[in-house]
Amino acid sequence: MSNKMWGGRFTSGPGAIMEEINASIDFDKALYRQDIAASKAHADMLAKQGIIGADDAKKIAHGLDTILSEIVAGKFSFKRALEDIHMNVEGRLGELIGDAAGRLHTARSRNDQVATDFRLWMRDTIDALDAALAGFQRALAQKALEHAGTVMPGLTHMQTAQPITFGHHLLAYVEMAARDRGRFADARKRLNESPLGAAALAGTSFNLDRDMTAKALGFDQPAANSLDAVSDRDFVMETLAAASIASVHLSRLAEEIVIWTSPLTGLVRLSDKFTTGSSIMPQKRNPDAAELVRAKTGRVIGALTGLLVVMKGLPLAYAKDMQEDKEGAMDALAALSLSLAAMTGMVGDLEPDTARMKKAAGDGYATATDLADWLVRSLKIPFRDAHHLTGRIVAKAAEAGLPLHRLPLEAMREIEPRIGEDVFSVLSVDKSVKSRVSFGGTAPKNVRMQAKKWLRKLEKDKS
Ligand code: ARG
(Lines give C-alpha, C1' and ligand atoms only; values in the text may rest on other atoms or scores of the structure.)
Protein backbone atom coordinates (compact mmCIF):
# COMPACT_ATOMS: atom_id res chain seq x y z
CA MET A 1 0.00 0.00 0.00
CA SER A 2 1.31 3.46 -0.81
CA ASN A 3 1.89 6.04 1.91
CA LYS A 4 -1.32 7.72 3.12
CA MET A 5 0.33 11.10 3.57
CA TRP A 6 2.19 11.44 0.29
CA GLY A 7 1.45 8.35 -1.76
CA GLY A 8 -1.03 9.70 -4.34
CA ARG A 9 1.22 9.11 -7.28
CA PHE A 10 2.68 5.89 -5.93
CA THR A 11 1.30 2.43 -6.49
CA SER A 12 3.20 0.65 -3.75
CA GLY A 13 4.89 1.47 -0.47
CA PRO A 14 8.63 1.88 0.04
CA GLY A 15 10.92 -1.12 0.22
CA ALA A 16 11.97 -2.26 3.66
CA ILE A 17 15.44 -0.79 3.37
CA MET A 18 14.00 2.51 2.13
CA GLU A 19 11.77 2.65 5.18
CA GLU A 20 14.73 1.80 7.40
CA ILE A 21 16.95 4.60 6.11
CA ASN A 22 14.11 7.11 5.79
CA ALA A 23 12.42 6.81 9.15
CA SER A 24 13.41 9.29 11.84
CA ILE A 25 10.68 8.51 14.35
CA ASP A 26 13.08 6.59 16.62
CA PHE A 27 14.80 9.85 17.52
CA ASP A 28 12.49 12.69 16.45
CA LYS A 29 9.71 11.42 18.70
CA ALA A 30 11.57 13.50 21.30
CA LEU A 31 9.98 16.49 19.54
CA TYR A 32 6.40 15.45 20.27
CA ARG A 33 5.63 18.26 22.67
CA GLN A 34 6.93 20.92 20.31
CA ASP A 35 5.25 19.32 17.30
CA ILE A 36 1.87 19.33 19.00
CA ALA A 37 2.28 22.91 20.26
CA ALA A 38 3.20 24.11 16.77
CA SER A 39 0.25 22.28 15.21
CA LYS A 40 -2.13 23.84 17.71
CA ALA A 41 -0.78 27.30 16.98
CA HIS A 42 -1.06 26.67 13.23
CA ALA A 43 -4.66 25.42 13.46
CA ASP A 44 -5.72 28.39 15.61
CA MET A 45 -4.22 30.75 13.09
CA LEU A 46 -5.85 28.98 10.11
CA ALA A 47 -9.21 29.34 11.82
CA LYS A 48 -8.71 32.98 12.72
CA GLN A 49 -7.79 33.72 9.11
CA GLY A 50 -10.88 31.89 7.91
CA ILE A 51 -8.79 29.29 6.09
CA ILE A 52 -10.40 26.43 8.02
CA GLY A 53 -13.66 26.37 9.92
CA ALA A 54 -13.81 27.07 13.65
CA ASP A 55 -15.41 23.67 14.26
CA ASP A 56 -12.60 21.86 12.54
CA ALA A 57 -10.03 23.89 14.44
CA LYS A 58 -11.70 22.93 17.71
CA LYS A 59 -11.69 19.25 16.80
CA ILE A 60 -8.04 19.49 15.79
CA ALA A 61 -7.01 21.16 19.05
CA HIS A 62 -8.95 18.60 21.05
CA GLY A 63 -7.46 15.71 19.11
CA LEU A 64 -3.94 17.09 19.55
CA ASP A 65 -4.49 17.36 23.31
CA THR A 66 -5.60 13.75 23.38
CA ILE A 67 -2.48 12.71 21.47
CA LEU A 68 -0.27 14.61 23.89
CA SER A 69 -1.77 12.78 26.84
CA GLU A 70 -1.48 9.45 25.03
CA ILE A 71 2.21 10.02 24.41
CA VAL A 72 2.85 11.22 27.97
CA ALA A 73 1.04 8.15 29.32
CA GLY A 74 3.13 5.88 27.10
CA LYS A 75 0.01 4.72 25.28
CA PHE A 76 0.87 6.07 21.85
CA SER A 77 2.09 3.61 19.27
CA PHE A 78 4.78 5.19 17.11
CA LYS A 79 4.88 3.74 13.62
CA ARG A 80 7.96 3.60 11.45
CA ALA A 81 5.79 3.42 8.36
CA LEU A 82 4.76 6.99 9.20
CA GLU A 83 8.41 8.04 9.11
CA ASP A 84 8.57 10.86 11.60
CA ILE A 85 6.88 12.61 14.49
CA HIS A 86 4.95 14.96 12.22
CA MET A 87 3.19 12.20 10.31
CA ASN A 88 2.76 10.02 13.37
CA VAL A 89 0.87 12.82 15.10
CA GLU A 90 -1.16 13.69 12.03
CA GLY A 91 -1.90 10.04 11.32
CA ARG A 92 -3.26 9.52 14.81
CA LEU A 93 -5.24 12.74 14.57
CA GLY A 94 -6.99 11.26 11.53
CA GLU A 95 -7.93 8.18 13.53
CA LEU A 96 -9.26 10.33 16.34
CA ILE A 97 -11.19 13.06 14.54
CA GLY A 98 -11.59 11.89 10.95
CA ASP A 99 -11.67 14.28 8.00
CA ALA A 100 -10.98 17.48 9.92
CA ALA A 101 -7.46 16.17 10.53
CA GLY A 102 -6.71 16.49 6.84
CA ARG A 103 -7.19 20.26 7.04
CA LEU A 104 -4.36 20.80 9.53
CA HIS A 105 -1.66 20.52 6.90
CA THR A 106 -3.06 23.44 4.88
CA ALA A 107 -0.34 26.00 4.11
CA ARG A 108 2.44 24.14 5.82
CA SER A 109 4.98 21.46 5.06
CA ARG A 110 7.05 19.12 7.12
CA ASN A 111 9.94 21.35 6.13
CA ASP A 112 8.74 24.35 8.10
CA GLN A 113 7.29 22.03 10.74
CA VAL A 114 10.55 20.32 11.56
CA ALA A 115 12.47 23.60 11.48
CA THR A 116 9.94 25.02 13.96
CA ASP A 117 9.83 21.98 16.23
CA PHE A 118 13.58 21.64 16.48
CA ARG A 119 14.05 25.33 17.24
CA LEU A 120 11.52 25.05 20.05
CA TRP A 121 13.28 21.95 21.35
CA MET A 122 16.65 23.66 21.19
CA ARG A 123 15.31 26.64 23.10
CA ASP A 124 14.10 24.42 25.95
CA THR A 125 17.36 22.48 25.94
CA ILE A 126 19.42 25.67 26.09
CA ASP A 127 17.34 26.85 29.06
CA ALA A 128 17.99 23.58 30.87
CA LEU A 129 21.72 23.75 30.09
CA ASP A 130 21.86 27.31 31.35
CA ALA A 131 20.36 26.26 34.67
CA ALA A 132 22.82 23.37 34.88
CA LEU A 133 25.75 25.67 34.16
CA ALA A 134 24.54 28.04 36.88
CA GLY A 135 24.44 25.11 39.32
CA PHE A 136 27.97 24.17 38.32
CA GLN A 137 29.10 27.76 38.92
CA ARG A 138 27.44 27.77 42.32
CA ALA A 139 29.25 24.59 43.39
CA LEU A 140 32.56 26.04 42.21
CA ALA A 141 32.07 29.41 43.93
CA GLN A 142 31.01 27.70 47.16
CA LYS A 143 34.10 25.50 47.17
CA ALA A 144 36.23 28.50 46.22
CA LEU A 145 34.96 30.41 49.22
CA GLU A 146 35.83 27.48 51.52
CA HIS A 147 39.33 27.37 50.04
CA ALA A 148 40.06 31.03 49.46
CA GLY A 149 43.19 30.68 51.57
CA THR A 150 44.25 27.15 50.60
CA VAL A 151 47.63 27.41 48.93
CA MET A 152 48.47 25.16 46.00
CA PRO A 153 51.13 25.09 43.30
CA GLY A 154 50.22 27.14 40.25
CA LEU A 155 51.62 25.61 37.08
CA THR A 156 52.59 26.71 33.63
CA HIS A 157 53.92 24.08 31.20
CA MET A 158 52.90 21.64 34.00
CA GLN A 159 55.95 23.00 35.89
CA THR A 160 55.72 24.67 39.28
CA ALA A 161 55.34 28.37 38.53
CA GLN A 162 53.99 30.42 41.45
CA PRO A 163 51.90 29.61 44.50
CA ILE A 164 48.19 30.24 43.99
CA THR A 165 45.08 29.55 46.03
CA PHE A 166 42.79 26.63 45.31
CA GLY A 167 39.81 28.98 45.45
CA HIS A 168 41.35 31.12 42.73
CA HIS A 169 41.85 28.06 40.56
CA LEU A 170 38.21 27.04 40.93
CA LEU A 171 36.97 30.57 40.20
CA ALA A 172 38.76 30.41 36.85
CA TYR A 173 36.18 27.78 35.85
CA VAL A 174 33.34 29.99 37.07
CA GLU A 175 34.47 32.61 34.55
CA MET A 176 34.62 29.99 31.77
CA ALA A 177 31.14 28.78 32.59
CA ALA A 178 29.90 32.39 32.52
CA ARG A 179 31.17 32.75 28.96
CA ASP A 180 29.61 29.40 28.08
CA ARG A 181 26.27 30.70 29.32
CA GLY A 182 26.78 33.82 27.24
CA ARG A 183 27.37 31.76 24.13
CA PHE A 184 24.23 29.69 24.72
CA ALA A 185 22.23 32.85 25.38
CA ASP A 186 23.49 34.29 22.09
CA ALA A 187 22.54 31.16 20.19
CA ARG A 188 19.11 31.25 21.81
CA LYS A 189 18.57 34.86 20.80
CA ARG A 190 19.40 34.18 17.17
CA LEU A 191 17.39 30.97 16.88
CA ASN A 192 14.23 32.52 18.20
CA GLU A 193 12.52 33.21 14.85
CA SER A 194 9.57 31.23 13.59
CA PRO A 195 9.90 29.24 10.36
CA LEU A 196 6.21 28.26 10.55
CA GLY A 197 4.35 29.40 7.44
CA ALA A 198 7.39 29.22 5.17
CA ALA A 199 5.72 25.98 4.00
CA ALA A 200 7.85 23.79 1.73
CA LEU A 201 10.23 26.52 0.60
CA ALA A 202 8.41 29.31 -1.22
CA GLY A 203 5.79 30.51 1.24
CA THR A 204 2.12 29.96 0.46
CA SER A 205 -0.80 31.47 -1.41
CA PHE A 206 -2.98 31.33 1.73
CA ASN A 207 -3.39 34.50 3.71
CA LEU A 208 -1.48 33.46 6.83
CA ASP A 209 -0.82 35.45 9.95
CA ARG A 210 2.73 34.41 10.68
CA ASP A 211 3.07 36.94 13.45
CA MET A 212 0.27 35.20 15.29
CA THR A 213 1.89 31.75 15.22
CA ALA A 214 5.29 33.24 16.03
CA LYS A 215 3.85 34.96 19.08
CA ALA A 216 1.87 31.93 20.21
CA LEU A 217 5.05 29.85 20.21
CA GLY A 218 7.15 32.45 22.00
CA PHE A 219 9.26 33.41 18.99
CA ASP A 220 10.41 37.01 18.61
CA GLN A 221 9.22 37.23 15.01
CA PRO A 222 8.62 35.13 11.89
CA ALA A 223 11.73 34.29 9.83
CA ALA A 224 11.85 36.75 6.94
CA ASN A 225 12.88 34.48 4.07
CA SER A 226 11.01 31.25 3.43
CA LEU A 227 14.00 29.53 1.79
CA ASP A 228 16.25 30.38 4.70
CA ALA A 229 13.57 29.45 7.21
CA VAL A 230 13.38 25.83 6.05
CA SER A 231 17.03 25.25 5.20
CA ASP A 232 18.87 26.99 8.01
CA ARG A 233 20.50 24.77 10.58
CA ASP A 234 22.78 27.47 12.01
CA PHE A 235 20.87 27.18 15.25
CA VAL A 236 21.95 23.57 15.67
CA MET A 237 25.53 24.22 14.64
CA GLU A 238 25.80 27.28 16.84
CA THR A 239 24.38 25.51 19.87
CA LEU A 240 26.73 22.59 19.28
CA ALA A 241 29.64 25.00 18.96
CA ALA A 242 28.73 26.53 22.31
CA ALA A 243 28.31 23.02 23.71
CA SER A 244 31.69 21.97 22.36
CA ILE A 245 33.46 24.86 24.05
CA ALA A 246 31.61 24.20 27.30
CA SER A 247 32.58 20.52 27.07
CA VAL A 248 36.20 21.44 26.48
CA HIS A 249 36.10 23.48 29.68
CA LEU A 250 34.61 20.57 31.61
CA SER A 251 37.19 18.27 30.09
CA ARG A 252 40.06 20.46 31.26
CA LEU A 253 38.74 20.42 34.82
CA ALA A 254 38.15 16.68 34.55
CA GLU A 255 41.76 16.22 33.50
CA GLU A 256 42.91 18.31 36.47
CA ILE A 257 40.83 16.17 38.81
CA VAL A 258 42.46 13.08 37.33
CA ILE A 259 45.90 14.59 37.98
CA TRP A 260 45.05 15.90 41.46
CA THR A 261 43.58 12.58 42.61
CA SER A 262 46.45 10.50 41.26
CA PRO A 263 48.69 9.19 44.07
CA LEU A 264 51.54 10.78 42.09
CA THR A 265 50.32 14.19 43.26
CA GLY A 266 47.77 13.30 45.97
CA LEU A 267 46.47 16.86 46.05
CA VAL A 268 42.76 16.07 46.11
CA ARG A 269 40.54 13.29 47.33
CA LEU A 270 37.19 12.28 45.91
CA SER A 271 34.81 10.36 48.14
CA ASP A 272 33.48 6.90 47.37
CA LYS A 273 30.56 8.60 45.63
CA PHE A 274 32.72 9.58 42.69
CA THR A 275 35.32 6.84 42.52
CA THR A 276 35.32 3.20 41.53
CA GLY A 277 37.51 0.27 42.41
CA SER A 278 39.42 -2.16 40.27
CA SER A 279 38.35 -5.78 39.95
CA ILE A 280 41.95 -6.95 40.32
CA MET A 281 43.88 -4.25 42.20
CA PRO A 282 42.26 -3.81 45.62
CA GLN A 283 44.04 -0.53 46.40
CA LYS A 284 42.64 1.40 43.44
CA ARG A 285 40.36 4.45 43.61
CA ASN A 286 39.71 5.42 40.04
CA PRO A 287 38.24 8.81 39.08
CA ASP A 288 35.98 7.26 36.40
CA ALA A 289 33.41 10.04 36.43
CA ALA A 290 36.07 12.63 35.62
CA GLU A 291 37.51 10.40 32.93
CA LEU A 292 34.08 9.96 31.34
CA VAL A 293 33.41 13.69 31.37
CA ARG A 294 36.74 14.10 29.61
CA ALA A 295 35.77 11.44 27.08
CA LYS A 296 32.23 12.63 26.40
CA THR A 297 33.71 15.83 25.03
CA GLY A 298 34.58 13.72 22.01
CA ARG A 299 30.91 13.06 21.30
CA VAL A 300 29.98 16.71 21.53
CA ILE A 301 32.76 17.88 19.23
CA GLY A 302 31.94 14.91 16.99
CA ALA A 303 28.31 16.01 16.65
CA LEU A 304 29.38 19.53 15.70
CA THR A 305 31.90 18.28 13.17
CA GLY A 306 29.39 15.79 11.78
CA LEU A 307 26.71 18.40 11.21
CA LEU A 308 29.13 20.93 9.71
CA VAL A 309 30.07 18.26 7.19
CA VAL A 310 26.42 17.36 6.51
CA MET A 311 25.57 20.98 5.78
CA LYS A 312 28.61 22.16 3.87
CA GLY A 313 27.56 21.07 0.40
CA LEU A 314 23.79 21.46 0.59
CA PRO A 315 22.11 23.72 -1.97
CA LEU A 316 18.94 25.56 -0.90
CA ALA A 317 16.39 24.72 0.24
CA TYR A 318 15.49 21.62 2.30
CA ALA A 319 17.20 18.29 1.62
CA LYS A 320 16.70 15.07 3.55
CA ASP A 321 20.33 15.28 4.64
CA MET A 322 19.09 17.73 7.23
CA GLN A 323 17.26 14.98 9.05
CA GLU A 324 20.75 14.00 10.24
CA ASP A 325 20.87 17.14 12.38
CA LYS A 326 18.90 15.64 15.25
CA GLU A 327 20.41 12.39 16.48
CA GLY A 328 23.92 13.74 16.98
CA ALA A 329 22.73 16.99 18.51
CA MET A 330 20.35 15.28 20.92
CA ASP A 331 23.02 12.80 21.97
CA ALA A 332 25.64 15.51 22.36
CA LEU A 333 23.47 17.84 24.43
CA ALA A 334 22.38 14.96 26.65
CA ALA A 335 26.04 14.07 27.15
CA LEU A 336 26.82 17.66 28.11
CA SER A 337 23.93 17.76 30.53
CA LEU A 338 25.09 14.53 32.20
CA SER A 339 28.67 15.77 32.31
CA LEU A 340 27.55 18.98 33.99
CA ALA A 341 25.64 17.06 36.62
CA ALA A 342 28.65 14.81 37.27
CA MET A 343 31.08 17.73 37.45
CA THR A 344 28.81 19.70 39.77
CA GLY A 345 28.69 16.64 42.01
CA MET A 346 32.45 16.14 41.91
CA VAL A 347 33.22 19.79 42.67
CA GLY A 348 31.01 19.62 45.75
CA ASP A 349 32.55 16.30 46.75
CA LEU A 350 36.26 16.89 46.29
CA GLU A 351 38.46 17.69 49.27
CA PRO A 352 41.96 19.04 48.83
CA ASP A 353 44.80 17.70 51.01
CA THR A 354 45.74 21.18 52.20
CA ALA A 355 49.05 20.17 53.83
CA ARG A 356 50.20 18.38 50.73
CA MET A 357 49.09 21.23 48.50
CA LYS A 358 51.01 23.71 50.61
CA LYS A 359 54.15 21.63 50.53
CA ALA A 360 53.90 21.16 46.78
CA ALA A 361 53.31 24.89 46.40
CA GLY A 362 56.69 25.60 47.98
CA ASP A 363 58.60 23.01 45.98
CA GLY A 364 60.31 23.93 42.75
CA TYR A 365 61.35 27.43 43.90
CA ALA A 366 57.86 28.71 43.41
CA THR A 367 58.60 31.96 45.24
CA ALA A 368 61.53 32.91 42.98
CA THR A 369 59.42 35.64 41.36
CA ASP A 370 58.69 37.03 44.83
CA LEU A 371 62.43 37.24 45.44
CA ALA A 372 62.98 39.03 42.13
CA ASP A 373 60.11 41.42 42.94
CA TRP A 374 61.69 42.07 46.37
CA LEU A 375 64.99 43.01 44.70
CA VAL A 376 63.12 45.41 42.43
CA ARG A 377 61.13 46.97 45.22
CA SER A 378 63.71 47.11 48.04
CA LEU A 379 66.94 47.63 46.11
CA LYS A 380 65.52 49.42 43.04
CA ILE A 381 67.19 46.88 40.76
CA PRO A 382 65.71 46.74 37.23
CA PHE A 383 63.50 43.65 36.86
CA ARG A 384 65.63 42.03 34.15
CA ASP A 385 68.72 42.21 36.40
CA ALA A 386 66.71 41.09 39.42
CA HIS A 387 65.52 38.09 37.39
CA HIS A 388 69.12 37.18 36.59
CA LEU A 389 70.33 37.56 40.16
CA THR A 390 67.42 35.48 41.42
CA GLY A 391 68.27 32.78 38.90
CA ARG A 392 71.78 32.62 40.34
CA ILE A 393 70.40 32.43 43.91
CA VAL A 394 68.04 29.61 42.85
CA ALA A 395 70.98 27.75 41.31
CA LYS A 396 72.88 28.11 44.57
CA ALA A 397 69.92 26.81 46.58
CA ALA A 398 69.49 23.89 44.19
CA GLU A 399 73.18 23.07 44.54
CA ALA A 400 72.82 23.06 48.33
CA GLY A 401 69.61 21.05 48.05
CA LEU A 402 67.65 23.72 49.94
CA PRO A 403 64.39 25.53 49.33
CA LEU A 404 64.75 29.31 48.90
CA HIS A 405 63.49 30.22 52.34
CA ARG A 406 66.08 27.94 53.98
CA LEU A 407 69.08 29.26 52.05
CA PRO A 408 71.28 31.18 54.55
CA LEU A 409 71.37 34.95 54.12
CA GLU A 410 75.15 34.85 53.62
CA ALA A 411 74.74 32.61 50.60
CA MET A 412 72.34 35.11 49.04
CA ARG A 413 74.63 37.98 49.91
CA GLU A 414 77.45 36.33 47.96
CA ILE A 415 75.34 37.13 44.93
CA GLU A 416 73.81 40.45 46.03
CA PRO A 417 75.44 41.90 49.17
CA ARG A 418 72.63 44.38 49.82
CA ILE A 419 70.03 41.67 50.53
CA GLY A 420 68.74 42.05 54.09
CA GLU A 421 67.02 39.78 56.61
CA ASP A 422 63.60 41.08 55.58
CA VAL A 423 63.86 39.19 52.28
CA PHE A 424 62.56 36.15 54.14
CA SER A 425 59.27 37.93 54.63
CA VAL A 426 58.38 37.31 50.96
CA LEU A 427 59.73 33.80 50.52
CA SER A 428 56.95 31.78 52.17
CA VAL A 429 54.07 30.57 50.01
CA ASP A 430 51.50 32.17 52.30
CA LYS A 431 53.14 35.56 51.99
CA SER A 432 53.46 35.06 48.28
CA VAL A 433 49.74 34.50 47.67
CA LYS A 434 48.75 37.19 50.14
CA SER A 435 50.81 39.69 48.17
CA ARG A 436 49.03 39.00 44.87
CA VAL A 437 46.34 41.61 45.45
CA SER A 438 46.28 43.09 41.95
CA PHE A 439 42.80 42.98 40.40
CA GLY A 440 42.15 39.39 39.29
CA GLY A 441 45.08 38.12 41.38
CA THR A 442 45.20 35.05 43.60
CA ALA A 443 45.29 36.71 47.08
CA PRO A 444 42.85 35.06 49.52
CA LYS A 445 41.23 38.44 50.09
CA ASN A 446 40.49 38.79 46.36
CA VAL A 447 39.24 35.23 46.10
CA ARG A 448 36.89 35.67 49.04
CA MET A 449 35.47 38.80 47.45
CA GLN A 450 35.07 37.25 44.00
CA ALA A 451 33.51 34.06 45.34
CA LYS A 452 30.98 36.07 47.34
CA LYS A 453 30.25 38.29 44.38
CA TRP A 454 29.52 35.23 42.24
CA LEU A 455 27.36 33.57 44.88
CA ARG A 456 25.32 36.74 45.25
CA LYS A 457 24.93 37.11 41.50
CA LEU A 458 23.94 33.47 41.04
CA GLU A 459 21.43 33.79 43.84
CA LYS A 460 19.93 36.84 42.17
CA ASP A 461 19.73 35.11 38.77
CA LYS A 462 17.68 32.36 40.39
CA SER A 463 14.92 34.68 41.53
N1 ARG B 1 11.77 13.99 9.31
C2 ARG B 1 12.16 15.09 8.47
C3 ARG B 1 13.39 15.79 9.03
O4 ARG B 1 13.68 15.58 10.14
C5 ARG B 1 11.06 16.07 8.36
C6 ARG B 1 11.04 16.85 7.10
C7 ARG B 1 10.77 16.00 5.95
N8 ARG B 1 10.47 16.71 4.78
C9 ARG B 1 10.36 16.14 3.59
N10 ARG B 1 10.04 16.90 2.62
N11 ARG B 1 10.58 14.89 3.41
O12 ARG B 1 14.07 16.51 8.35
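General remarks:
- A Förster distance of 41 Å, applied to the separation of the beta-carbon atoms of Thr66 and Met158, puts the FRET efficiency at 0.10.
- Extension gain for the segment Glu421 to Glu327, taken as residue separation times 0.36 nm less the Cα-Cα distance, is 27.1 nm to one decimal.
- Descending principal axes extents, region 326-425, alpha-carbon based, whole Å: 70, 29, 23
- In this calculation the C-beta distance from Arg179 to Ile259 is compared with R0 = 35 Å, giving a FRET efficiency of 0.90.
- Across all C-alpha atoms in the chain, the radius of gyration and Dmax reach 30.6, 101 Å.
- Shape of region 318-367 from the C-alpha gyration tensor: oblate (a/c of 1.5 or more and a/b not above b/c, with a ≥ b ≥ c the square roots of its eigenvalues).
- Prolate/oblate/rounded label for region 15-80 (Cα gyration tensor, a/c 1.5): prolate
- Normalised convex hull volume, region 412-463, alpha-carbon set, Å³ per residue: 74 Å³
- In terms of Cα atoms, the Rg and Dmax of region 258-357 work out to 19.3, 63 Å.
- Isotropically averaged projected area of region 78-217, using the convex hull of Cα atoms (one quarter of hull area), nm²: 14.0 nm²
- Kirkwood analysis of the Cα pair distances in region 172-316 returns a hydrodynamic radius of 18.7 Å.
- DSSP-defined antiparallel bridges as percent of all bridges, the chain, nearest 5: 80 percent
- Rough spin-label spacing in nm, given labels placed 7 Å along Cα→Cβ, for Arg413 and Leu308: 6.3 nm
- Prolate/oblate/rounded label for region 190-236 (Cα gyration tensor, a/c 1.5): oblate
- Extension gain for Lys189-Val376 works out to 62.3 nm (0.36 nm per residue, less the C-alpha to C-alpha distance).
- Taking Cβ atoms as reference points and 11 Å as the exclusive limit, the residues near Trp260 contribute a net charge of -2, counting Lys and Arg as +1 and Asp and Glu as -1.
- Of the cross-linked pairs Lys359/Lys434; Lys4/Lys79; Lys59/Lys320; Lys296/Lys452; Lys273/Lys457, those separated by over 22 Å at the C-alpha level are Lys59/Lys320; Lys296/Lys452; Lys273/Lys457.
- D (Stokes-Einstein, µm²/s), Kirkwood Cα radius, region 249-291, 1.306 mPa s at 10 °C: 149 µm²/s
- Once the Cα-Cα distance is subtracted from the 0.36 nm per residue extended length, the Ser279 to Arg384 segment shows a gain of 32.3 nm.
- When Thr305, Thr265, Thr367 are compared by accessible surface with a 1.4 Å probe, the order from highest to lowest is Thr305, Thr265, Thr367.
- Unit charges on C-beta of K, R, D, E only; dipole of region 1-81, Debye: 120 debye
The values are calculated or read from the model by the stated rules, or taken from the named source; none is laboratory data. Note that the structure is predicted; figures quoted are calculated from it, not measured. Every residue, glycine among them, receives a Cβ derived from its backbone with ideal geometry; neighbour counts consider all protein chains shown. Protein only, heavy atoms only, side chains kept; ligands, DNA and RNA dropped before computing areas. Shrake-Rupley method; radii C 1.70, N 1.55, O 1.52, S 1.80 Å.
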